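Worksheet for the structure shown next.
What follows draws every value from the coordinates through simple rules; no lab data is involved. Quick caveat, the model's predicted, so the values are computed rather than measured. Here the Cβ is made from the backbone with ideal geometry for all residues, glycine too, and neighbour counts use every protein chain on show.
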Amino acid sequence: MKREVVVFLLGVFCWSVLASAGLAQTANSHKSENLQSCLTGIGQCDRSLLTSAQAQELAEMHQDRNLWECLKGYATCDHSALNDTESKEVAKVERARNLLACETALDVCDESLLNAVEKPNVAELRL
């Protein structure tokens, strides 16, 4: 009888350990899926489930992605999220992109953004 009770208790203990491990694995899987959603932007992202290191990494990734979008001239660029250094870099690239558009006579040229040296050079190229 004692042996049966010990075996029973041992079985209950093993089941509870396995169930706890399964629940922990499910929780870890959910956190992993959430992190994946946060990183890719696909699906629901619950930032409260991220560690502070993950949240910091995600914020840096979003900042880098926004800078890239601004440098490429994408409409999704959020100029207000750029810091001073990034704003200057983006403005320089935008000016260069506009100058190239003007020099190649593309319809996207904004001649009002050209400086006094650039305007006559562009006009000469268009002759």
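Here is how the numbers come out for the structure above:
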| item | result |
| --- | --- |
| Diffusion coefficient, µm² s⁻¹, Stokes-Einstein with Kirkwood Rh over alpha-carbon pairs of region 73-127 at 4 °C and 1.567 mPa s | 106 |
| FRET E, pair Arg65, Thr85, Förster distance 22 Å, beta-carbon r, rounded to 0.05 | 0.85 |
| Aspartates and glutamates with Cα under 19 Å of Lys72, excluding same-chain neighbours fewer than 8 positions away | Glu60, Asp64, Asp84, Glu86, Glu89, Glu94, Glu103, Asp107, Asp110 |
| Anchor Lys31: aspartates and glutamates whose Cα lies under 12 Å away (excluding residues fewer than 8 positions away in-chain) | Asp46 |
| Distance in nm between pseudo-label sites at Glu111 and Lys31 (7 Å out along the Cβ direction from Cα) | 6.2 |
| Additional length obtainable on full extension of the chain from Leu125 to Asp78, 0.36 nm per residue less Cα span | 13.6 nm |
